[in-house]
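Student: Handing you this structure, nothing more for now.
The values are calculated or read from the model by the stated rules, or taken from the named source; none is laboratory data. Worth saying up front: this structure is predicted, and the values here are computed from it rather than measured. Cβ coordinates were reconstructed from backbone atoms using ideal geometry, including for glycine residues, and neighbour counts include every protein chain displayed.
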Amino acid sequence: MVTKFSNKITLLSQSSKVLIIGTLPKQLNELLDINFLYKEDIEFNENTSEILNDNLYAQYEVIIFSLNTINFELFKNTVNYFPKNSIVLIEPNIYSSLADYINNIFSLSILPISEELFIDNLYNVLSIEETNRTIKTKEKVINKYKGDDANNNISEFFDKYHGTIMFLNDDLNDNCNRLKDLEISKELFTDISTNILKLNNILKHNKSFDKLSLTFNQLSNFLVTLDLESIRPENYNAFDYLSTIVEDITIYLDELFVYKLFKDVHVFEDSLENNIKFFEDSLNNTVDEEDDNLEFF
């Protein structure tokens with residue numbers, strides 16, 4: 001269970017900062033060292049209580065208080081409030097004294113706490129931070145294209161196939177992760193080919209995607225007929241480019257079916273065609289030295 005949540009937290013905590021106020025048990029501190037690159041510990045005493053304020057808290061995504069009887073009394077007489085989304089760990093004998101604070105505490109646990117529950121609490125706080133960032137980004141993108149005729153006219157198509165596309169996109173994301181984990185197998189390429197064909201069967205219902213549909217068919221056919229034994233080991237790095245192509249497709253689908261943004265499809269079509277050609281040439285070691293880069297959509 002710890003491993004499962006740690007994998008998720010790694011995705012959320014790569015650029016996050018955690019602040020510990022007080023002293024954590026050793027095993028919990030070690031979990032933070034594993035999952036966070038940026039961690040700061042502040043011993044809670046009369047001197048440090050003077051620097052605890054909103055300006056300090058704003059620099060951290062996760063704030064953890066570890067309180068015993070002595071520093072809780074100091075807390076009440078100085079700071080006297082918990083910042084938003086705090087994780088608070090306390091010794092059992094001070095639980096009844098927290099009545100006035102409980103409604104403002106995001107997560108309250110009594111020590112000792114299991115590693116699983118501690119990781120779960122971290123994940124919940126980070127998920128809120130990530131959701132807020134995503135919403136802000138979505139608002140910016142939606143406002144940028146608000147009122148665009150192309151977006152308005154195609155919204156019915158997006159609504160009709162939204163659910164199906166999202167399931168396919170989850171599968172493609174899984175395919176992409178397997179590629180990034182250096183899996184090179186006939187089974188994986190068949191899965192990618194099948195998912196692209198399923199996607200294509202949806203997009204072909206709208207004429208705006210006719211050219212893109214042809215490109216997807218060609219990619220699908222190439223992957224399902226790919227002879228792995230004929231590829232030289234020194235050309236295996238070409239599969240890194242395939243993961244970029246698949247990831248590009250998932251991002252484009254998010255823009256279409258989540259954010260409902262129908263921008264100039266030709267930009268993506270041309271980028272995808274060029275990237276597929278580059279991928280195929282890389283497998284055959286026939287890349288033009290003057291054109292040895294992917295086009296990121």
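Student: Which residues, counting only those in region 108-134, are aliphatic (A, V, I, L, M), within 16 Å of Pro83 (Cα to Cα) and assigned to a helix (DSSP H, G or I)?
Tutor: Hits for region 108-134 are Leu122, Val125, Leu126, Ile128.
Student: Would you check if there is a residue in region 42-51 being in the same structural domain as Leu12 (by TED's automatic domain parsing) and within 24 Å of Leu12 (Cβ to Cβ)?
Tutor: yes
Student: Also: Being more than 18 Å from Phe36 (Cα to Cα), surrounded by 11 or more Cβ atoms within 10 Å (Cβ to Cβ) and charged (D, E, K, R): is that true of Glu116 here?
Tutor: no
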